[in-house]
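Novice: Before anything else, here's the structure in question.
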Amino acid sequence: MGNANQVNTTGGLDIGKFIMSIVVVAIHTQPLAGKISGISLALYNFFIALAVPFFFVASGYLLSRKITVPVDYRQCYTILSDYLFRITKLYVIWTILYLPLTIYGFYQQHTDPLLAFALFFRNIFLRGENYYSWPLWYLMALIYTLMVLLIFLKKQISPQFILVYAFGSYFVACSWDIIVKAVEAEGYMWLKIWHNSFGSVRVFTALTFVVLGLYLGLSRRYWSKTNILITSIGAVALGFFEIPLLSELCILVGAYAVFQLFVLSFPWLSQAYGKKIRKASTVIYFTHMLVFFTYQSVFYSFQLPQWVGFLFTVLVTISLAFWVLRYEQRVSWLNKIF
């Protein structure tokens with residue numbers, strides 16, 4: 001490992017978040033569906049799988065920049081509590097903004113009003129998403145992650161134990177997912193309850209990535225670019241075989257390596273420009289499903305290629321980002337939702 005304390009790390013982080021926000025758009029619009037296969041498809045799937053983990057690592061890393069070393073438990077508790085409040089507020093705001101699409105989704109599926117009401121609250125508290133509001137699960141996962149960390153801090157659990165717990169919980173969650181998939185055809189009642197409640201284990205894996213970001217930010221021990229490159233190639237190669245647990249480990253290592261690569265590669269970007277790029281990535285992330293829904297509603301009958309929807313969504317959300325950056329000082333509510 002090499003120490004890089006003098007490197008301006010925020011520029012690369014901001015560029016990385018912007019690129020990954022575009023990748024998230026690709027996840028939801030599927031521009032290459034049916035266009036690639038074999039190794040190309042495997043590489044593509046591996047890369048897009050790093051997007052949301054990258055955001056989790058970035059959240060932990062940005063939190064670490066507010067924490068002094070040696071770590072003070074009270075200071076950490078205050079910082080994480082404030083962040084939890086901001087994330088919860090964002091989650092509530094964007095859940096409300098996506099509410100018209102949520103109602104439309106239940107209407108389209110002819111869902112009974114009482115059942116729709118129950119499903120809405122289940123999705124808010126256990127899945128983090130409703131119809132077309134899939135990006136919001138990131139916020140819900142962050143909320144639960146911060147709650148766990150606050151419990152640890154209140155009990156003054158050592159950072160070493162938190163790190164071990166984070167890795168342990170990741171492999172337990174991934175193992176559980178493998179077990180569920182292996183026996184889902186058996187029709188067990190406990191499996192139905194689990195599936196109907198949570199749907200997947202992804203919420204329980206967020207803690208690991210956030211803790212990795214915290215660790216990297218506090219230790220400032222970055223890998224050399226050579227080690228990052230070797231690790232990334234190894235993660236891609238091993239992930240290609242889709243071996244249970246090993247594939248999940250490859251995602252974990254790959255996201256951590258790629259994050260460091262971005263952090264170390266753009267030290268020249270000023271904080272002023274970096275802040276604008278970071279705001280743009282936030283706008284793209286939270287608005288792209290609203291834009292894509294509008295696109296599909298207007299152009300559905302034209303049966304256009306899926307890459308057109310991706311390109312349309314990217315261009316419109318980037319335009320929205322420029323608009324937000326231009327008017328955020330004059331329009332106060334823009335800073336509350338982005």
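Novice: If you take the residues of segment 209-226 that are in contact (Cβ under 8 Å) with a residue 12 or more places away in the chain and open to solvent by 30 Å² or more (accessible area, probe 1.4 Å), which of them is nearest to Y44 (Cα to Cα)? Explain how you work it out, then say what you get.
Specialist: The initial filter retains those residues of segment 209-226 that are in contact (Cβ under 8 Å) with a residue 12 or more places away in the chain, namely 209-218, 220-225.
When the remaining residues are screened for being open to solvent by 30 Å² or more (accessible area, probe 1.4 Å), the result is 215, 218, 220-221, 223-225.
Numbers: Y215: 28, L218: 32, R220: 30, R221: 29, W223: 24, S224: 25, K225: 22 Å.
For segment 209-226, the residue satisfying everything is K225.
Novice: For segment 226-253, what are the residues that are of a type outside the set (A, V, I, L, M) and touching a strand residue (DSSP E or B) at 6+ places or on another chain (Cβ under 9 Å)?
Specialist: If we filter segment 226-253 for residues that are of a type outside the set (A, V, I, L, M), which is where we start, we get 226-227, 231-232, 234, 239-242, 244, 247-248, 250.
If the condition is that a residue be of a type outside the set (A, V, I, L, M) and touching a strand residue (DSSP E or B) at 6+ places or on another chain (Cβ under 9 Å), then N227 is the only one that fits.
Novice: Of all residues in segment 284-328 being surrounded by fewer than 21 Cβ atoms within 10 Å (Cβ to Cβ) and in contact with a Pro (Cβ under 7 Å, 6 or more places away or on another chain), which is nearest to Y132 (Cα to Cα)?
Specialist: Restricting to residues being surrounded by fewer than 21 Cβ atoms within 10 Å (Cβ to Cβ) and in contact with a Pro (Cβ under 7 Å, 6 or more places away or on another chain), the top hit is Q306.
Novice: For segment 133-176, what are the residues that are of a type in the set (S, T, Y), in a loop (DSSP other than H, G, I, E, B) and open to solvent by 20 Å² or more (accessible area, probe 1.4 Å)? Talk me through it step by step, then tell me what you get.
Specialist: Start the filter on segment 133-176 by keeping residues that are of a type in the set (S, T, Y), which leaves 133, 138, 144-145, 158, 165, 169-170, 175.
Within this subset, residues satisfying the condition of being in a loop (DSSP other than H, G, I, E, B) are 133, 158.
Passing the criteria: only S158.
Novice: Related question: Any residue that is touching a Ser or Thr at 6+ places or on another chain (Cβ under 8 Å) and under 30 Å from C76 (Cα atoms) - is there at least one of those in segment 172-183?
Specialist: The first filter runs over segment 172-183 and keeps only residues touching a Ser or Thr at 6+ places or on another chain (Cβ under 8 Å), leaving 173-174, 177.
Next cut, under 30 Å from C76 (Cα atoms) only: 173-174.
Yes: segment 172-183 contains one or more residues that are touching a Ser or Thr at 6+ places or on another chain (Cβ under 8 Å) and under 30 Å from C76 (Cα atoms).
Novice: Limited to segment 195-246, what total is found for residues that are polar (S, T, N, Q), over 18 Å from the mean Cα position of the chain (by Cα) and over 24 Å from F161 (Cβ atoms)? Quick ask: steps written out before the conclusion?
Specialist: The first filter runs over segment 195-246 and keeps only residues polar (S, T, N, Q), leaving 196-197, 200, 205, 208, 219, 224, 226-227, 231-232.
Okay, now just the ones that are also over 18 Å from the mean Cα position of the chain (by Cα), so 196-197, 219, 224, 226-227, 231-232.
Next cut, over 24 Å from F161 (Cβ atoms) only: 196-197, 224, 226-227, 231-232.
Within segment 195-246, residues that are polar (S, T, N, Q), over 18 Å from the mean Cα position of the chain (by Cα) and over 24 Å from F161 (Cβ atoms) number 7.
Novice: Scan segment 329-338 for residues that are touching a residue at least 60 places away in the same chain (Cβ under 8 Å) and open to solvent by 90 Å² or more (accessible area, probe 1.4 Å) and jot them down. Please lay out each step first, then the result.
Specialist: Residues of segment 329-338 touching a residue at least 60 places away in the same chain (Cβ under 8 Å): 336-337.
Within segment 329-338, K336 is the sole residue that qualifies.
Novice: Sticking with this one: When residues of segment 260-288 are filtered for being under 15 Å from the mean Cα position of the chain (by Cα) and either at pLDDT 95 or above or not in a helix (DSSP H, G or I) (or both), how many remain?
Specialist: Filtering segment 260-288 for residues under 15 Å from the mean Cα position of the chain (by Cα) gives 278, 281-288.
Cutting the leftovers down to either at pLDDT 95 or above or not in a helix (DSSP H, G or I) (or both) gives us 281-288.
Residues that pass the stated criteria total 8.
Novice: For residues that are out of contact with any Leu (no Cβ under 7 Å at 6 or more places or on another chain), hydroxyl-bearing (S, T, Y) and either surrounded by 14 or more Cβ atoms within 10 Å (Cβ to Cβ) or within 12 Å of L126 (Cβ to Cβ) (or both), tally how many sit in segment 177-207.
Specialist: Of the residues in segment 177-207, 2 are out of contact with any Leu (no Cβ under 7 Å at 6 or more places or on another chain), hydroxyl-bearing (S, T, Y) and either surrounded by 14 or more Cβ atoms within 10 Å (Cβ to Cβ) or within 12 Å of L126 (Cβ to Cβ) (or both).
Novice: OK, next. Specify which of the listed residues (I87, I79) is under 30 Å from L149 (Cα atoms), among the hydrophobic types (A, V, I, L, M, F, W, C) and either without any contact (Cβ under 8 Å) to a residue 24 or more places away in the chain or out of contact with any Leu (no Cβ under 9 Å at 6 or more places or on another chain) (or both). Break it down stepwise before answering.
Specialist: Numbers: I87 fails: either without any contact (Cβ under 8 Å) to a residue 24 or more places away in the chain or out of contact with any Leu (no Cβ under 9 Å at 6 or more places or on another chain) (or both).
Only one candidate qualifies: I79.
Novice: Identify, please: which residue in segment 119-132 is under 23 Å from V24 (Cα atoms) and free of Cβ contacts under 8 Å to residues at least 60 places away in the same chain and is, among those, most open to solvent (accessible area, probe 1.4 Å)?
Specialist: Let us first name the residues in segment 119-132 that are under 23 Å from V24 (Cα atoms), namely 123-132.
Right, trim to free of Cβ contacts under 8 Å to residues at least 60 places away in the same chain and you get 123-125, 129-131.
Working: N123: 15, I124: 26, F125: 113, E129: 46, N130: 14, Y131: 51 Å².
The selected residue is F125.
Novice: When segment 72-86 is examined, which residues are found to be under 18 Å from S158 (Cα atoms) and touching a helix residue (DSSP H, G or I) at 6+ places or on another chain (Cβ under 6 Å)? Before you say what the answer is, go through the steps one by one.
Specialist: Our first condition is that a residue be under 18 Å from S158 (Cα atoms); within segment 72-86, this holds for 72-80.
Once the filter is applied, which keeps residues that are under 18 Å from S158 (Cα atoms) and touching a helix residue (DSSP H, G or I) at 6+ places or on another chain (Cβ under 6 Å), segment 72-86 yields Y73, C76, Y77, L80.
Novice: Taking the criterion of being without any contact (Cβ under 8 Å) to a residue 24 or more places away in the chain and surrounded by fewer than 19 Cβ atoms within 10 Å (Cβ to Cβ), would at least one residue in segment 253-269 satisfy it?
Specialist: So the first thing to find is which residues in segment 253-269 are without any contact (Cβ under 8 Å) to a residue 24 or more places away in the chain, and the list is 253.
After this cut, where a residue has to be surrounded by fewer than 19 Cβ atoms within 10 Å (Cβ to Cβ) as well, the list is 253.
Yes - at least one qualifying residue is present in segment 253-269.
Novice: Filter segment 50-61 down to the residues that are under 10 Å from the mean Cα position of the chain (by Cα) and in contact (Cβ under 8 Å) with a residue 40 or more places away in the chain and list them by number.
Specialist: At the first step, the residues of segment 50-61 found to be under 10 Å from the mean Cα position of the chain (by Cα) are 50-59.
Of everything in segment 50-61, those that are under 10 Å from the mean Cα position of the chain (by Cα) and in contact (Cβ under 8 Å) with a residue 40 or more places away in the chain turn out to be L50, V52, P53, F54, F55, F56, V57, A58, S59.
Novice: If you check every pair at least six apart or on different chains, which have Cβ atoms under 7 Å apart with a residue in segment 190-201 that is in contact (Cβ under 8 Å) with a residue 24 or more places away in the chain first and a residue that is of a type in the set (G, A, S) and surrounded by 14 or more Cβ atoms within 10 Å (Cβ to Cβ) second?
Specialist: Going by the 7 Å Cβ cut-off, the qualifying pairs are V201/A173.
Novice: Restricting to segment 62-117, name every residue that is under 30 Å from G274 (Cβ atoms), open to solvent by 50 Å² or more (accessible area, probe 1.4 Å) and among the aliphatic types (A, V, I, L, M).
Specialist: V69, V71, V92, I96, L97
The values are calculated or read from the model by the stated rules, or taken from the named source; none is laboratory data. All values derive from a computational prediction rather than experimental measurement. No Cβ is skipped: glycine too gets one built from the backbone with ideal geometry, and neighbour counts run over all protein chains shown. Surface areas here come from the heavy atoms of the whole protein model, side chains and all, with no ligands, DNA or RNA. Shrake-Rupley method; radii C 1.70, N 1.55, O 1.52, S 1.80 Å.
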